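Have a look at the structure below before the remarks.
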Amino acid sequence: MKRPELVVLAILVVISLVVSAVWAHRWQAHVAQSEEMRALYAFGSGGDLDKVKRLSEYPSPEAIQWLEKLAQQRDATGDSRVAAITALGGKASLNRAVLSRLLRIDQPFVVRHAAAGVLEQRGCDDLCILTALYELNAIWKGQPAIEAAPSTKELERKYSVHPAPDLERRTLAELRDKTEQDYLKLLNAKACETRKALTKDYSAEPAFIEQVQSKVGPC
């Protein structure tokens, strides 16, 4: 092999080694960052709001995915889920489908209230409108939200420590009213879309259509 060819080969080998070293360094940094975000998620789900804040400060799609997971994690504390929802509301891109799922009455009040607040601020899309209508219809039909339907064991525990069923009923009624107000705010923000969805999806329920239309502004 001639000398020029050896020089070219040596240069190529050096370049290859440098590229491999840079790639390995970046991969190691990525793995370390991913592990840190996983740890922040784990501690954050247990109620450490500082960890949720730190997770929200990562400028990466993976951090947003962890925040979305935390917002939906039923075993996480309510404060942590709310913090994650609030953080998602401050991101440039917003997965409204995730927040729309959190509007359901099988979610704790603080979670659906926080999700409604973000959607009201950032805009309620078609799925958000359909979810708000569906859950509002369920409430008006008497279906209890999750906080109004505890297990018998939980009721016994509550009333053995706090025997105040009247206060409990008033509190639940207030939460129900606030939930209804949250849904109506979202629907009023998109009155035209709401009326179209009513006509399309609830034609067999004229009483529900009339009740919603009486609380939603004109198109």
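Modelled with pLDDT of 60 or more, hydrophobic (A, V, I, L, M, F, W, C) and surrounded by 10 or more Cβ atoms within 10 Å (Cβ to Cβ): does that describe Val52?
When the stated conditions are applied, Val52 passes them.
Please go through (1) hydrophobic (A, V, I, L, M, F, W, C); (2) in a loop (DSSP other than H, G, I, E, B); (3) in contact with a Leu (Cβ under 8 Å, 6 or more places away or on another chain) for Leu67 and return the number of the only condition it doesn't satisfy.
(2)
Confirm whether Gly89 is farther than 25 Å from Thr171 by Cβ and in contact (Cβ under 8 Å) with a residue 40 or more places away in the chain.
No, not satisfied.
List the pairs whose first member sits in the stretch 118-140 and is within 14 Å of Lys196 (Cβ to Cβ) and among the β-branched types (Val, Ile, Thr), whose second member is at pLDDT below 95 and not in a helix (DSSP H, G or I), and whose Cβ atoms are under 7 Å apart, counting only residues at least 6 apart or on separate chains?
Qualifying pairs under 7 Å: Ile129/Lys190.
For every residue, the table says whether it meets (1) surrounded by 14 or more Cβ atoms within 10 Å (Cβ to Cβ); (2) among the charged types (D, E, K, R); (3) at pLDDT 95 or above.
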site	(1), (2), (3)
Arg38	no, yes, no
Phe43	yes, no, no
Gly47	yes, no, no
Pro61	no, no, no
Ile85	yes, no, yes
Arg101	yes, yes, yes
Val118	yes, no, yes
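Which is modelled with pLDDT of 95 or more, polar (S, T, N, Q) and surrounded by fewer than 20 Cβ atoms within 10 Å (Cβ to Cβ), of Gln33, Gln72?
The match here is Gln72.
Across the stretch 145-195, which residue is modelled with the highest pLDDT among those that are more than 22 Å from the chain's Cα centre (by Cα) and among the basic types (Lys, Arg)?
Arg195
Can you pull out the residues in the stretch 105-144 that are more than 17 Å from Gln72 (Cα to Cα) and not in a helix (DSSP H, G or I)?
Correct list: Gly123, Cys124, Asp125, Lys141, Gly142, Gln143, Pro144.
The values are calculated or read from the model by the stated rules, or taken from the named source; none is laboratory data. From a predicted model like this one, the values you see are computed outputs, not experimental measurements. When we count neighbours, we look across all protein chains shown, and the Cβ atoms used for this are built from the backbone with ideal geometry, even at glycine.
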